[in-house]
Every structure is written in C-alpha cells, then in structure tokens.
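Below: the structure, in structure tokens.
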Amino acid sequence: MTITYDCTEDTGREVGLSSAAGALRAGRLVVTPTDTLYGIAADAFDPDAVTLLLSAKRRGPDMPVPVLVGSWETIDGLVVSTPATARDLIRAFWPGGLSLIVHQAPSLNWNLGHTQGTVMLRMPLHPVAIELLREVGPLAVSSANVSGQPPATTVAEAREQLGDSVAVYLDGGPCSVGQPSTIVDLTGPAPRIVREGAVSAERVGEVLNTDAASLRG
C-alpha cells in the first residue's frame, strides 16, 4: 500500500522517515523532497531497486541514475580519487544545487545504468532528504516524474505521475528552488557544465577561477 507522510510536522516526519527507510531497505521506492525538486529514490547498492526506479520513470539504463549523499565525507568512498576541483566545488555549493560527475571507485557493487565508469553525486540542502540519507546511506535518486514529463515540485505532482510504483511519499512542502541542479562534469581534461540549473555558470566559474563561457563550451 502506498502511503504519504506529512513531514512538515514532527510526528509525521518521524514516522515517515522510519517507514521510508524500511521501504528502501526492502528494495522498494520512496519519493523524497530535496531543495531543487522532488526525487524518486532507491537503494543505490540494490540493482533490482534501481531497475524498479527506471521502470517507474519509464526510461532505460542509457540515462544513468544520479546518487545523493548525506555528507561531504561520503564521496571519498565512492570515487577513484577526489579532484581538487571537486573539493573546491563541494566546499562552495554542498549541500545545494550542484551535481558533480566523477570517476567512480571500480570496487563499487552497483548498477546505475550505462555510466562508463562514472557517477553523478550531489548532497541536497533539505533536512528530510539529509536525515533519510544519513539513516540508509547513498541513494540512487532521479527527479520524481515520468521521463519526458514536467518534474515535480510538490508531492502531489509526484504522486500523480508515479502512483503506486512508489511505496512511500514524503511530503516536505513545495521545493524551495523548483529547478534541477547544475551538473559539472569533472571526468575530462577541464571542468564542463553539462546542465546549467540552480547554480549559475558564473558562480561555478568564480570558484574555479574559470570563465563561465569556457565552462559552457
């Protein structure tokens, strides 16, 4: 049975987070608020759960699922090495609306799609998401919508699209940003913005001492 919990008040938040953690550990899907948009989440280390996530969104493994983390330190266990550029961007924008594409650690036992040995990581600026991540660990999280449809900024919009494919919906109210994260690819010879969203190229350029136009190129 699908349940929605009101996480804007203490009791609903406590019960909802407990129910969501149990669902994720059982291989089921959860919708959680983040600072940018609502996300549909699965245990990042459960390939079957990630497959369910892709199925709920009606998309294939050619669009790999990003991973959300609950702390800065978590990234060190997920990557081959943490580039200086990544550390600079993490200090400036995490938690927040910036996602980083980096080379993943080859020992990781997960299947997020056709990643070519990379992973996209972000730490969201939302208390409900952070509590959930710190309880269950890294989560595979994509925007809570059917592929090709508008992303959800409220739990009602997420539930309208995803319905009973999700076990638990956590309602944290409307998302404060309402647009996707900015994605910076750090796997090439120079940082490159793949998608400009919540954080402008100019702000990224200031941190990296790089012209915004070169980041967009």
> So how tilted is helix 47-57 from the main axis of the chain? Cα-based, degrees 0 to 90, rounded to 10.
Replying inline: 80
>> Just to confirm, what accessible area per residue do you get for the chain at 1.4 Å probe, in whole Å²?
In response: 44
>> I need the fraction of alpha carbon pairs in region 129-217 separated by more than 19 Å, rounded to a whole percent.
In response: 54
>> Could you work out how much longer the chain between Arg216 and Ala21 gets when fully extended? Use 0.36 nm per residue separation minus the Cα distance between them, nm to one decimal.
In response: 66.4 nm
> According to a simple spin-label model (label point 7 Å from Cα along Cα-to-Cβ), what is the distance in nm between Thr2 and Ala156?
Replying inline: 1.5
>> Probe radius 1.4 Å, ligands and nucleic acids ignored: give me the carbon and sulfur share of the accessible area of region 71-217 as a rounded percent.
In response: 49
>> Nearest 5 percent is fine: what portion of the DSSP beta bridges confined to the chain is antiparallel?
In response: 60
>> Need the C-alpha centroid separation for region 1-58 versus region 113-127, integer Å.
In response: 16
> Quick one: with all protein chains in place, what share of the accessible area of region 20-62 is carbon or sulfur, to the nearest percent (1.4 Å probe)?
Replying inline: 50
> For all pairs of alpha-carbon atoms in the chain, what percent lies in each bin of width 5 Å, listed from the first bin to the last filled one?
Replying inline: 1, 8, 16, 20, 21, 16, 10, 5, 2, 0, 0
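The values are calculated or read from the model by the stated rules, or taken from the named source; none is laboratory data. None of these values were measured; they are calculated from a predicted model. Virtual Cβ from ideal backbone geometry, glycine too; neighbours counted across all protein chains shown. Accessible surface areas use protein heavy atoms only, side chains included; no ligands, DNA or RNA. Shrake-Rupley method; radii C 1.70, N 1.55, O 1.52, S 1.80 Å.
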